Amino acid sequence: MSEDTLSPEFYHALVRHSTALISVVNNTGIYQYVSSSAVRLTGYGPEELLGKAALEYIHKDDLLRMKAAFALLNSQQEVEVPLFRFRTKDGSWRWMEAVITNAMDDELVNGYVIDARDITLKRESQLTLERSHSFYTSLFQTHPDAVFTLTPGGIFEQVNSNICRILSYSRAEIIGEHFSRFIAPSFSFEANKALSKAQNCESIALEGKVRNKYGKVRTLNFSILPVCIGQNLIAILGIAKDVTAEKKALNELEKLSLIASKAVSCVVITDVAGKTEWVNSEFTKVTGYSMMEAIGKKPGELLQGPETDPNHILEMKRLFEENEPISLEILNYRKNGEKFWFYMDITPVFNDEGKVSQYFAIQYDVTERKEAEKKMRRLSEDLIRHNRELHQFNYIVSHNLRAPVANIVGLVSLLEHMDHENENFPRVLQKLRETSSNLDTVIKDLDEILSLRDESSGGFHENVCIRSTCEEVARSLQDRIESAAATVQLDVPAEVCIQANRAYVYSIFHNLLSNSLKYRDPERPLFISVSYAKEGKQHLILFHDNGKGIDLTKFGSHLFKLYGKLEKKTEGRGIGLYMVKAQVETLGGTIDVESSPGHGTTFYLRFSETEA
């Protein structure tokens with residue numbers, strides 16, 4: 001079949017069945033002819049493109065390249081346009097390549113012939129391959145760990161910068177070398193075993209040691225990934241993480257844990273947030289909490305309780321904020337609710353970057369020592385009080401006891417030489433009776449004080465409710481209260497009770513109420529109130545009257561002393577407030593006073609909630 005014998009219909013059929021888009025544009029770029037394959041390739045029918053500018057369908061980013069191709073046709077017969085995008089009827093873009101031929105001199109064509117082929121699938125595959133390659137390259141080079149590839153025989157083909165850093169060799173010194181050159185002798189057997197598995201297309205993870213250029217050994221975690229097509233190994237991909245520092249830290253921690261587990265003190269290791277990571281067996285023995293119960297929790301969540309000092313908790317919070325070591329004693333609670341004392345040394349542990357990574361606490365159970373200190377304090381307070389009492393006894397002996405005895409001796413001597421008929425004899429005898437009575441009173445006071453001292457060393461304590469005791473005292477003094485037209489108001493809840501000696505509590509309020517009646521102001525009706533307030537962990541009892549009041553500037557230093565009477569004309573021996581203070585302190589409480597002349601007096605009695 002010669003070209004001369006081919007009919008026009010043959011050429012039309014050839015173009016119609018071609019996979020290419022054949023078109024002709026004039027010198028202004030307007031479509032003059034479009035092959036019927038346009039429908040299949042672009043969705044446009046030929047009639048939709050005829051008369052339209054061809055460049056309108058070209059992607060804006062490809063226009064310059066297309067215009068440049070047309071410009072070359074002024075000097076070239078044929079121009080290749082390797083890559084451009086053509087807008088289809090549905091608005092999508094198809095990748096095409098084209099050959100443009102200048103047929104302006106052909107009177108049958110009189111235009112530029114564009115032979116365009118759809119290469120979208122080829123281009124998309126190419127882009128996918130490029131993206132994959134870029135991704136692989138980026139992952140390979142920027143991976144935070146060491147990444148390398150080996151030939152099936154174990155020769156380095158590619159390495160990233162982290163391999164070079166670990167081995168202290170340049171990339172050129174590593175590529176082309178067998179991996180065995182860089183491994184530590186102790187790892188040789190396992191490394192060759194891993195290579196054999198990879199050659200059988202088996203993945204493997206293992207830990208091993210390598211030796212760098214300067215002989216320094218480092219520990220790496222390897223992931224060996226064979227790249228196989230079918231069962232044929234074409235390459236080996238390896239990823240290695242340098243765990244030298246972690247292994248060293250772990251070994252140190254294991255040593256520390258071994259030492260700590262054998263320690264007689266409690267050891268606690270927490271993370272940077274203060275949550276427990278590890279405790280030794282002594283911690284479990286002392287607190288009752290197992291390691292599994294402690295892990296993940298802050299020690300304070302397990303051990304702190306209602307009576308734990310908030311200031312100690314704030315001190316530990318300051319440690320976490322300022323990263324400073326601290327030592328303190330703190331009241332804690334065992335798992336069974338029993339209270340005990342811990343002495344703690346807490347030290348922050350810093351990492352290589354200077355940041356806190358853990359906290360290390362050594363704790364000692366100092367409950368026995370704290371109890372001993374408490375007993376010593378009580379003993380010291382008792383000694384101070386007894387010493388104060390000795391001074392009072394010395395005062396009594398020196399003043400109140402010696403004077404009556406001297407008077408009695410003198411009066412007896414006088415009576416021995418006096419006739420019974422002497423008119424002064426009855427008067428001297430009466431004086432002797434009065435002096436003897438005064439001596440008896442002093443001896444009774446001494447006996448009462450000594451009784452208080454003896455009972456304070458081991459008196460019986462029971463639950464004593466303040467309101468009911470005050471009501472009992474008021475009933476015992478009812479006649480005097482009515483005689484004085486006094487009002488007694490009790491504002492103490494019935495449930496407020498203390499552990500105390502009932503006789504002491506009764507005596508305290510009896511003395512205070514008696515003094516209020518005794519020192520009432522004749523200018524106004526007597527009003528007495530007993531009220532209650534909660535003050536921290538203490539009961540506060542306020543005993544107030546609107547009596548004469550006391551000039552504390554003048555009499556404050558003598559108020560609670562033995563025989564410290566403020567008004568000599570008033571009945572009484574001046575022992576009441578001395579006994580009140582002594583009994584309050586014996587019960588573990590304190591007493592304070594506020595008063596001024598003409599404004600009454602208020603006594604503040606404080607007792608512990610847990611013990612009196």
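The values are calculated or read from the model by the stated rules, or taken from the named source; none is laboratory data. Quick caveat: nothing in here was measured; it's all calculated off a predicted structure. Don't worry about glycine lacking a Cβ; one is built from the backbone with ideal geometry, like all the others, and counts go over all protein chains shown. Heavy atoms of the whole protein, side chains included, go into the accessibility calculation; ligands, DNA and RNA do not. Shrake-Rupley method; radii C 1.70, N 1.55, O 1.52, S 1.80 Å.
Residue pairs whose Cβ atoms lie under 8 Å apart, separated by 6 or more positions or on different chains, with the first residue in segment 20-32 and surrounded by fewer than 21 Cβ atoms within 10 Å (Cβ to Cβ) and the second among the aromatic types (Phe, Trp, Tyr) and outside any strand (DSSP E or B), are Gly29/Phe70.
Those helices (runs of 4 or more DSSP H) of segment 460-564 in which 3 or more residues are within 22 Å of Ser595 (Cα to Cα) occupy 502-518, 552-555. The condition (being more than 19 Å from Ile175 (Cα to Cα), touching a residue at least 40 places away in the same chain (Cβ under 8 Å) and outside any loop (DSSP other than H, G, I, E, B)) is satisfied by just one residue among Leu206, Leu220, Leu237: Leu220. Per the listing Leu195, Leu167, Leu206, Leu150, the residue uniquely touching a Lys or Arg at 6+ places or on another chain (Cβ under 9 Å) and crowded, with 16+ Cβ neighbours inside 10 Å is Leu167.
A count restricted to segment 100-110 and to residues that are part of a strand (DSSP E or B) and more than 15 Å from Leu55 (Cα to Cα) stands at 3. Out of Thr42, Thr28, Thr101, one residue alone is polar (S, T, N, Q) and under 22 Å from Leu121 (Cα atoms). It is Thr42. Being outside any loop (DSSP other than H, G, I, E, B) and more than 17 Å from the chain's Cα centre (by Cα) holds for only one residue in Tyr343, Tyr359, and it is Tyr343. The residues of segment 79-93 that are under 21 Å from Ile30 (Cβ atoms), in a strand (DSSP E or B) and open to solvent by 40 Å² or more (accessible area, probe 1.4 Å), listed by number, are Arg85, Arg87.
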